[in-house]
Amino acid sequence: IRRVLVVGQFVISIALIICTGVVYSQLDFIRARNMGLNSDQVVAVPQTFAPVVVKSSVYKARLKEIPAVTIVSMNFLLPGHKYAAAPIKARRRGQDESSTIDMYQAWVDDDFIEIFGIELVVGRNFDSAFPGDWTATGAVVINEAAVDRLGYASAGEALGKEIEGLQELITDSDERGELRPSIVGVVRDFHYAALYEPIEPLVLFPNYPGGYAMIKIDAGRMSEGLSAIEEAWHEVNPDWAFEYFFVEDTFARLHEAEERFARIFVSFAVLAVIIACLGLVGLSSFTAERRMKEIGIRKVLGASPVGLVALLSREYLRLVIAAIVVAWPVAYISMNAWLEGFAYRVDLGWTTFILAGALSMVIALITVGFQAVRAATANPVEALRME
């Protein structure tokens with residue numbers, strides 16, 4: 001029973017060590033992944049109330065006067081927000097309704113692509129030099145995922161084509177109805193939500209006030225810039241409180257659950273290892289006491305302390321190996337199921353499993369080693385006399 005308990009404790013501890021390693025690997029993968037945009041030094045100021053929205057163009061003009069501000073964008077697409085874009089249906093012009101696909105829509109201005117450093121694959125951005133862009137039936141910019149889902153062979157083929165089936169668009173004139181805008185540009189896919197889901201087809205519409213004022217501030221003048229944009233806010237909107245946050249923080253908050261998950265795994269893994277070691281100490285001490293006569297006889301017959309330590313440790317290493325054999329598939333199945341929740345994930349390589357197994361064996365050797373050395377170096381005469 002003691003051996004079964006020790007094996008069970010090590011199964012739990014090894015599995016938790018593996019799970020901790022996999023969770024942290026996934027978090028590192030998320031942090032290192034190219035999101036397709038750069039949100040560094042971009043501050044978002046919410047503009048959700050009508051009296052504020054109607055003054056958004058005035059506020060933007062005032063922000064552009066601030067030396068510490070490098071670029072300003074007024075838009076509704078907040079990268080990293082769970083509901084960054086709204087669902088919509090669309091299809092290529094001339095196709096029947098059965099070809100309609102699910103997409104996401106967002107309203108942005110002509111500075112959105114630049115402020116986040118989003119790559120324009122082909123075509124152009126929204127441009128005030130093209131008055132037609134700013135009408136309800138004007139222009140849209142789509143991402144590569146939309147090109148693929150709409151059935152175009154390439155981004156270049158999509159340029160100039162019209163899409164239809166768009167049942168709603170809000171503009172300055174509040175026009176509604178079916179729209180047939182032309183595709184004027186295609187941007188590289190970028191993550192506008194969490195990594196749980198793949199990048200979905202996105203269509204960007206121009207000229208919608210409100211949402212957020214996105215303000216990129218010079219990194220070396222952040223404090224000065226924040227004070228200036230707040231002052232500008234109170235000048236334009238004296239009756240409304242000023243609020244702001246950094247866009248990069250919205251991405252960090254998306255995966256707070258995984259961060260907590262990782263910390264919990266670390267705590268339980270450490271606790272499980274301690275409990276397993278205590279169990280192994282108890283078992284090795286009990287076994288050493290029972291084998292004192294055997295150890296004494298072996299020493300009298302010429303057995304070396306190193307050989308006796310190896311003899312006593314071998315049994316416990318077999319227990320740890322048995323625990324590894326059980327823990328590996330348990331951890332693999334559990335972590336593979338967890339990773340399936342991410343559209344973009346790390347591969348479950350064997351490195352983490354091997355390292356966890358090796359670490360458990362080292363811990364077991366250190367734990368058992370003390371008892372084994374003490375038993376192997378004891379006076380054999382005393383051991384035989386006690387028997």
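Observations
- Close Lys pairs in region 42-254, defined as Cα atoms under 24 Å apart and 8 or more places apart or on different chains, number 6.
- Computed log₁₀ I(q)/I(0) - Debye formula, equal Cα scatterers, no solvent, region 42-108, q 0.22 Å⁻¹: -0.99
- The convex hull of the Cα atoms of region 1-148, projected and averaged over all directions, covers 16.4 nm².
- Pairwise alpha-carbon distances in region 42-254 exceed 25 Å for 39% of all pairs.
- Estimated D of region 1-75 in µm² per second, where Rh is the Kirkwood radius over Cα pairs and Stokes-Einstein applies at 25 °C, 0.890 mPa s: 138 µm²/s
- Calculated FRET value between E114 and A257, using beta carbons and R₀ = 56 Å, to 0.05: 0.95
- Gap separating the Cα centres of region 55-121 and region 212-273, nearest whole Å: 20 Å
- Taking N as the residue count of region 184-280, its C-alpha radius of gyration divided by 2.2 N^0.38 Å amounts to 1.78.
- Among D111, D133, D148, D102, sorting on how many other beta-carbon atoms sit within 10 Å of each Cβ, with the fewest leading, yields D102, D148, D111, D133.
- Dipole of region 42-254 [Lys/Arg +1, Asp/Glu -1 at C-beta], most positive-end residue of G94, G225, S182: G94
- Across region 42-254, Cα pairs under 8 Å and at least six residues apart give a relative contact order of 36 percent.
- Charged side chains reduced to their Cβ positions (Lys and Arg at +1, Asp and Glu at -1) give region 42-254 a dipole of some 180 debye around its Cα centre.
Every number in this text was worked out from the coordinates using simple rules, so none of it is lab data. Note that the coordinates shown come from a computational prediction; the quantities given were computed from them, not determined experimentally. Note that we place each Cβ from the backbone using ideal geometry, even for glycine, and neighbour counts take in every protein chain shown.
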